[in-house]
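Asks: First, the structure itself, so that you have it in front of you.
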Amino acid sequence: MTRTNKIIKDSFDRVAARQGLLIILAAVIALEATGLLQYYFSRKAIREEADNRAASEMQVARLTTEKTTLTIEGSAYALAWMLEDYVDKPEIYLDEMQRIMDVTPVIMNSFIAFEPNYYPQFGRWYEPVLSRISGNTYERLQIGSETHDYFSAEWYKSVIETGKGYWSEPYLDDALSMMVVTFAVPFKDHEGKTVGVLGLDITLNWLTEVVAQIKPYERAFGTIVSRKGQLIAMPPETLAVDKALKYQAPLEGTGWKMSLTIPEDDIFEHLHRLELMVLFLQILGVVFLIVILYITMNNQKKFQSVSQNKSRIEGELQVARGIQMSMIPKSFPPYPERGDVDMFAAVVPAKEVGGDLYDFYTREEKLFFCIGDVSGKGVPASLVMAVTRSLFRTVSAHEKSPQRIVTTINDSMAEMNEANMFVTFFCGVLDLRNGHLRYCNAGHNAPVLVTAEGNRSLPVEANLPLGVIPGMSFTEQETDLTTGTGLFLYTDGLTEAENSNHELFGDERMFAALSAELGSHQQIDTVSQAVQGFVGDAPQSDDLTMLYIRFMNNQISEETERHLILHNDIQQIPQLAEFVEAVADVAHLDVGLTMSLNLALEEAVSNVIMYAYPKGSDGLVDIEAIIRKKELEFIISDNGTPFDPTAAPEADITLDAEERPIGGLGIFLVKNIMDVVEYTRSDDGKNILSMIKKIA
């Protein structure tokens, strides 16, 4: 080890040691904070449990007490009402009182204390009492006297003054020698005049028995106090405690309060034991942390090397993702100057890089597009994706047939497919002038035609994916898109997206999310939101790519056509000039453009007249002019010998006239004047040359 390396290692070890001490210190603080938080929340939970238990116990005792007090109140009012008509018959009072007391065991005494001298025969004080001896055995008494002057009693004065029922403070009934609480109500005669006070007594022993039942904890005890704070009931075994939790609840109608006292030691006894156990475990945890930290520091150097490699790989993957994303079109709308097509696309790789691809571009008023899905994921799939996209651009730049494009790409990929990876692929060529779509499928999902009448799958031949078998024959198909029709292309990452229950998004949900009323951007957003809402938090399992093409066809629906039919006689060429001038007048073209069009048409038609038919034979040349809103199209057709003038090599105008080969200048001139020049050989054996010139 060199001195420099040793210095670096020693510095690293010192830094690691300081970091270790800081980690241990932080761990101790964290453990202590955790213990304090645990203690706080445990104490809070136990306190809440104590509150709930106390509330429950007090609720039962309160309801029991209130049920009895309400029964006594009801009995007192009922008895006073019943006896109103018997004021003249005082001898039956005690009999009626007995009937009430027989069914209400908690009533110890019942009485009526009359106004002074109400019954002259009984003197100033008349208070008949029925006192329970035991069970339903009673003693009948008259306790009113000068020594038992009930006129000064609290319950008597309150009822006479207020005319309302009243629960008394606890007091010693000197005539009956017992501590009681009285509920007293006004006693009236049949004319409604108050003539005395009717009262029912309950003993404090019964209330003491009620509060004795409040036992949420071993040393907890309950009490009842009067409205003036006098103790009415308390169990005899209560102890003095230093710290306790106290709960109170009013007793309805009486003015009393029921209280519950719970010593804190009873509530938090188990928490204190738990606190000691947690402290022991914290110390043990710190010891384990020191051991783990020691082992971790020994392995940190290995982990550091692995981390550096991982960071490098992640950085390279990010660069690879940027390169991959730069290979596909991502500026939308791609053709803002055009009104005949509306497009949007989105690709979401399941990993940093993926195997899905899409591409499109326009050439000669045609939209060339494709979508593909490479088998597998990650870096290998991304490399195959890049090769596939490059092949599409290269092949389609010189080829208009989707079938030949797909066949050429397949042969190229099959030759170099040592990894046995394949690509599902769909290629289409859309004529933006009339909506004619030619397409070829290679094992890919069928695109969806989105129309106002409903959504349906585009009929496709399955064929095999690219790269499987060299020399594979693929089928080309075609259809026509009407204005407003959308073509939705996607990879199986859409329909096979899974939620947390392993359910697939499927074709039905995809069809439901598509609408012909939406623009391309809205369409992709709507489907993306539908997938995200279905998948939720489930991880993405496959690359997801979508491409939406909406054919708009902004040209006018009514076209103006002109026809001219010539014989293969060069003497008829002047008729062509008149024909072009007539077309130019309808299209409102200026003189310069008219002369250029006449020159191009003359070159093309002269070529047919001179070379299409055998010398000496008679043939026809059909010239059709179609005048549209933004373009002129001239279609020249004949039944002569097959010949594609666009396939001839272009003339090299940089050479001197002596060095330049004969021929080629005519088609060169036509291509430079016209915007689109295309040749096709029809099924019925006609040469058809289409020339398009864009006009303002």
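Asks: Kindly check whether there is at least one residue in the stretch 629-640 that is at pLDDT 90 or above, touching an Asp or Glu at 6+ places or on another chain (Cβ under 7 Å) and open to solvent by 30 Å² or more (accessible area, probe 1.4 Å).
Replies: yes
Asks: What are the residues in the stretch 9-26 that are closer than 23 Å to Leu284 by Cα and either among the polar types (S, T, N, Q) or modelled with pLDDT of 75 or more (or both), if any?
Replies: Arg18, Gln19, Leu21, Leu22, Ile23, Ile24, Leu25, Ala26, listed by residue number.
Asks: Then there is this: What about Ser158, is it modelled with pLDDT of 90 or more, out of contact with any Pro (no Cβ under 7 Å at 6 or more places or on another chain) and crowded, with 19+ Cβ neighbours inside 10 Å?
Replies: no
Asks: Please determine, by comparing only the residues of the stretch 243-258 that are touching a Lys or Arg at 6+ places or on another chain (Cβ under 6 Å) and closer than 16 Å to Met58 by Cα, which one is modelled with the highest pLDDT.
Replies: This residue is Pro250.
Asks: For the stretch 575-589, how many residues are open to solvent by 70 Å² or more (accessible area, probe 1.4 Å) and either at pLDDT below 90 or touching a Lys or Arg at 6+ places or on another chain (Cβ under 7 Å) (or both)?
Replies: Count: 2.
Asks: Next up: Out of the helices (runs of 4 or more DSSP H) lying entirely within the stretch 482-577, which hold 3 or more residues that are more than 18 Å from Ala345 (Cβ to Cβ) and under 23 Å from the mean Cα position of the chain (by Cα)?
Replies: Fully inside the stretch 482-577 and qualifying: 506-513, 520-535.
Asks: Could you say whether any residue in the stretch 66-87 is at pLDDT below 90, part of a helix (DSSP H, G or I) and under 30 Å from Glu264 (Cα atoms)?
Replies: yes
Asks: With respect to the numbered conditions (1) closer than 20 Å to Asp543 by Cα; (2) modelled with pLDDT under 95, which one is the sole condition not fulfilled by Tyr490?
Replies: Of the numbered conditions (1) closer than 20 Å to Asp543 by Cα; (2) modelled with pLDDT under 95, the odd one out for Tyr490 is (2).
Asks: Hey, another quick one. Which condition does Leu504 not pass, out of (1) open to solvent by less than 20 Å² (accessible area, probe 1.4 Å); (2) of a type outside the set (D, E, K, R); (3) in contact with an Asp or Glu (Cβ under 8 Å, 6 or more places away or on another chain), if it passes all the others?
Replies: (1)
Asks: Restricting the stretch 451-472 to residues that are assigned to a loop (DSSP other than H, G, I, E, B) and in contact with a Pro (Cβ under 8 Å, 6 or more places away or on another chain), which is farthest from Ile405 (Cα to Cα)?
Replies: Result: Leu458.
Asks: Please determine whether any residue of the stretch 411-419 is under 23 Å from Phe344 (Cα atoms), open to solvent by less than 40 Å² (accessible area, probe 1.4 Å) and not acidic (Asp, Glu).
Replies: no
Asks: To continue, here is another question. Please enumerate the residues belonging to the stretch 438-462 that are crowded, with 17+ Cβ neighbours inside 10 Å, within 39 Å of the chain's Cα centre (by Cα) and not small (Gly, Ala, Ser).
Replies: Those that are crowded, with 17+ Cβ neighbours inside 10 Å, within 39 Å of the chain's Cα centre (by Cα) and not small (Gly, Ala, Ser): Tyr439, Cys440, Asn441, His444, Asn445, Pro447, Val448, Leu449, Val450, Asn455, Leu458, Val460.
Asks: Still on this structure: Those residues that are under 16 Å from Gly428 (Cβ atoms), touching a residue at least 24 places away in the same chain (Cβ under 8 Å) and crowded, with 17+ Cβ neighbours inside 10 Å, I need them from the stretch 378-395; list them, please.
Replies: Hits for the stretch 378-395 are Thr388, Arg389, Phe392.
Asks: Looking only at residues in the stretch 133-152 that are out of contact with any helix residue (DSSP H, G or I) (no Cβ under 8 Å at 6 or more places or on another chain) and either outside any loop (DSSP other than H, G, I, E, B) or in contact (Cβ under 8 Å) with a residue 40 or more places away in the chain (or both), which one is most open to solvent (accessible area, probe 1.4 Å)?
Replies: That would be Ile133.
The values are calculated or read from the model by the stated rules, or taken from the named source; none is laboratory data. Quantities reported herein were computed from a predicted structural model and do not represent experimental measurements. Glycine gets a Cβ as well: all are built from the backbone with ideal geometry, and neighbour counts include every protein chain shown. Heavy atoms of the whole protein, side chains included, go into the accessibility calculation; ligands, DNA and RNA do not. Shrake-Rupley method; radii C 1.70, N 1.55, O 1.52, S 1.80 Å.
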